[in-house]
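Data block below; observations after.
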Amino acid sequence: MIPSYHAHVYYDASSREAAAAVREGLFEQFPVQIGRWHDTPVGPHPQAMYQVAFKGEAFRPIVEWLMLHRQGLTVLVHPETGDALADHRDHCFWMGQKLPLNFSTLGG
């Protein structure tokens with residue numbers, strides 16, 4: 001079993017309010033750790049986003065909730081295996097538009 005996951009919720013100026021609603025819903029309903037708002041690209045992420053960290057046993061309910069409540073936002077979900085490059089490139093899945101990540105920031 002994979003011990004933990006990250007979800008990255010992407011937004012822009014026009015969708016920040018929707019991102020805030022998704023963030024609040026996740027925080028209210030699940031045992032998650034929500035990272036700070038990144039209003040500019042950071043690391044491999046090509047646009048504004050925040051990160052949601054959660055345990056492996058919460059994967060199914062959180063992913064199912066995101067499928068139904070992401071408000072049209074793009075979400076990247078990946079495991080935390082210790083290999084950040086493979087996790088973001090090979091072991092991930094997307095809800096919404098697949099964005100071009102900058103893998104060079106992860107050693108790729």
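Laboratory data are not the source of any read-out in this text; all were calculated from the coordinates shown. Only a predicted model underlies this, so the values are computations on that prediction, with no experimental measurement involved. Heads up, the Cβs are rebuilt from the backbone with ideal geometry, glycines too, and the neighbour counts pull from every protein chain shown.
Structure above, values below:
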| quantity | calculated |
| --- | --- |
| The range 1-33, residues that are of a type in the set (A, V, I, L, M), farther than 13 Å from Gln71 by Cα and either touching a residue at least 60 places away in the same chain (Cβ under 8 Å) or in contact with a helix residue (DSSP H, G or I) (Cβ under 6 Å, 6 or more places away or on another chain) (or both) | Met1, Ile2, Ala7, Val32 |
| Members of the range 36-62 found to be closer than 18 Å to Asn102 by Cβ and of a type in the set (Gly, Ala, Ser), listed by number | Gly43, Ala48 |
| Residue among Ala84, Ala58, Ala48, Ala53 that is under 20 Å from Gly107 (Cα atoms) and free of Cβ contacts under 8 Å to residues at least 60 places away in the same chain | Ala84 |
| Odd one out for Glu57 among (1) within 12 Å of the chain's Cα centre (by Cα); (2) within 22 Å of Gly82 (Cβ to Cβ) | (1) |
